[in-house]
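The values are calculated or read from the model by the stated rules, or taken from the named source; none is laboratory data. Computed from a predicted model, the values in this text were never measured in an experiment. Glycine also receives a Cβ, built like all others from the backbone with ideal geometry; neighbour counts cover every protein chain displayed.
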Amino acid sequence: MIFKKTRPAFRENVLWRYVLTIGHPCINVRMGKEIIAIVMDSKGRISFTHRCRGRHLRIKPFKSVESTDAVERPLIGRGGFYITVYTVYRGNAFVNDITISKQGKVEQFRDEANEELARGLVMGGPASRYLEYMLDALIDRYLDTPTPVVIMSAKLTIDSSIIDGLIRPHALDDYASSDYRIYHSPGFMAAVKSITPHRSDITIISRIDRAESFKSAAMGVLLGSSIIHGMTLGRSGKIPVGIDVFYPAARRIASRSDSPR
């Protein structure tokens, strides 16, 4: 099996996700009767060896995040064994799709990790500092992308009463618009839709020169949540809400055009 530069279909079927960091550099995987270790070295590269002594992070989406030394089981197909392992190292996050044939041949596809790593994260608990490290790496890598406007959208389980305190320090004003509470200041906007007292959809948009406010607000709501149901960086279905703030004249013109003559 040769990996192409497309997202392998089997990754969608992996219920659990495995992450290696400097503090969790090793995962043992059972391949039939054998156990193979996948190890991340001091430069963030992975290698394969016999059974190792160490721990890894196991993400059970929407359930838990665990630090464990358990032997994991890969997916099994006709061609061999398949497993996806994320590596987070010095502000970089990569996804490694690995296949090992029944004859022992190892093939690996490595790419930059995206927001899929954050989907289903259960925040808090003993692994909370590692989750902050992972999210920080994803957002920093995104902010390195040359773009004039940065965007994050997130669907969160979060106490709606704490959102105001996390976003207001970055905004000068706020107002209600349809189902949203809009916070804004020059070059920065956050749109918050509280679905229930504990479920909110949040979109944050800023110019790149307000990147510090963007990151602080984004990390604030992500770390303040209890579950990240989904997160996207660089795209949002709610961009018109942002235009409303970045170009206030557009709202006034639209309002006049909608009024009866």
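Here is how the numbers come out for the structure above:
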quantity	calculated
Residue check, Ser178 of a type in the set (Gly, Ala, Ser) and loosely packed, with under 15 Cβ neighbours inside 10 Å	yes
Conditions (1) assigned to a strand (DSSP E or B); (2) modelled with pLDDT under 90: number failed by Gly237	(1)
Given (1) modelled with pLDDT of 95 or more; (2) more than 19 Å from Gly230 (Cα to Cα); (3) of a type in the set (Gly, Ala, Ser); (4) surrounded by 16 or more Cβ atoms within 10 Å (Cβ to Cβ), number of the condition Gly165 does not satisfy	(4)
Residues of segment 129-161 classified as in a loop (DSSP other than H, G, I, E, B) and crowded, with 22+ Cβ neighbours inside 10 Å, total	1
Subset of segment 181-201 that is surrounded by 20 or more Cβ atoms within 10 Å (Cβ to Cβ) and hydroxyl-bearing (Ser, Thr, Tyr) - its residue that is nearest to His229 (Cα to Cα)	Ser200
Test: Thr84 is touching a helix residue (DSSP H, G or I) at 6+ places or on another chain (Cβ under 9 Å), of a type in the set (S, T, N, Q) and within 17 Å of Cys26 (Cα to Cα)	yes
Given (1) part of a loop (DSSP other than H, G, I, E, B); (2) closer than 30 Å to Thr49 by Cα; (3) of a type in the set (Val, Ile, Thr), index of the condition Thr87 fails	(1)
Ala191 being in a strand (DSSP E or B) and touching a residue at least 40 places away in the same chain (Cβ under 8 Å)	yes
